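The next block holds one structure in the form of structure tokens; read it before the comments.
The values are calculated or read from the model by the stated rules, or taken from the named source; none is laboratory data. Fair warning: this is a prediction, and the values are worked out from it, not measured in the lab. Note that each Cβ is placed from the backbone with ideal geometry, even for glycine, and that neighbours are counted across all protein chains shown. Only protein heavy atoms, including side chains, enter the accessible area calculation; ligands, DNA and RNA are left aside. Shrake-Rupley method; radii C 1.70, N 1.55, O 1.52, S 1.80 Å.
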Amino acid sequence: MINRKPTFEFSSVFARYIREYIELRESLGAQFRVQSGLLRQFDRYCVSIDVHEPILNEKIVTDWLHLTLGEAPSTRRCRITTLKLFSDYLASIGCQVSWVPHPGYGSCKERYIPYIYSEDEIRRILTIAENLPKPHGRS
């Protein structure tokens, strides 16, 4: 099976910059599929609100990043991180960027709390695993 890279079309005032940014990140070895899709969403949003100048300001970003119904906090963090890195790129090539996320902007109030198994629980898991029927053929 051939693993084809998806191609995204961009049409907002940021289109050229998004394409250049994706090319740069991929040339550095980044797997950029998810981020490319998020930048496509941002591009479509900019078209929908009729942005005419490549100026990344607080209102555009805040409105796009507004938590959508059912969106997981990790998805929101990914959107914020993707847009933050893109905004850094825009600033580095001389575009006007007036959005700077404050620390914790994308943080999740609930943190994952790992479960640490006791020695007895680990022993029971291994005992059960050892007593499972042996698979026939490939396991």
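The set of residues in the stretch 7-29 being among the hydroxyl-bearing types (Ser, Thr, Tyr), surrounded by fewer than 16 Cβ atoms within 10 Å (Cβ to Cβ) and either part of a loop (DSSP other than H, G, I, E, B) or touching a residue at least 60 places away in the same chain (Cβ under 8 Å) (or both) consists of Thr7, Ser11. Taken over the stretch 94-139, the criterion of being under 30 Å from Val51 (Cβ atoms), exposed (fewer than 10 other Cβ atoms within 10 Å of the Cβ) and at pLDDT 75 or above is satisfied by Gly94 alone. Can we say Thr62 is outside any helix (DSSP H, G or I) and on the phi < 0 side of the Ramachandran plot? No, not satisfied.
For beta carbons closer than 8 Å, sequence separation of 6+ or different chains, a first residue in the stretch 59-81 that is touching a residue at least 12 places away in the same chain (Cβ under 8 Å) and more than 12 Å from Leu38 (Cα to Cα) and a second that is aliphatic (A, V, I, L, M) and assigned to a helix (DSSP H, G or I), the qualifying pairs are Val61/Leu83.
For the stretch 30-39, the set of residues classified as outside any helix (DSSP H, G or I) and either out of contact with any helix residue (DSSP H, G or I) (no Cβ under 8 Å at 6 or more places or on another chain) or loosely packed, with under 12 Cβ neighbours inside 10 Å (or both) consists of Ala30, Gln31, listed by residue number. Across the stretch 52-85, which residue is farthest from Gln96 (Cα to Cα) among those that are open to solvent by less than 60 Å² (accessible area, probe 1.4 Å) and basic (Lys, Arg)? Among those residues, the one meeting the criterion is Arg76. Residue-level analysis places Phe42 outside the set of residues that are part of a loop (DSSP other than H, G, I, E, B), modelled with pLDDT of 90 or more, surrounded by 12 or more Cβ atoms within 10 Å (Cβ to Cβ) and of a type outside the set (S, T, N, Q).
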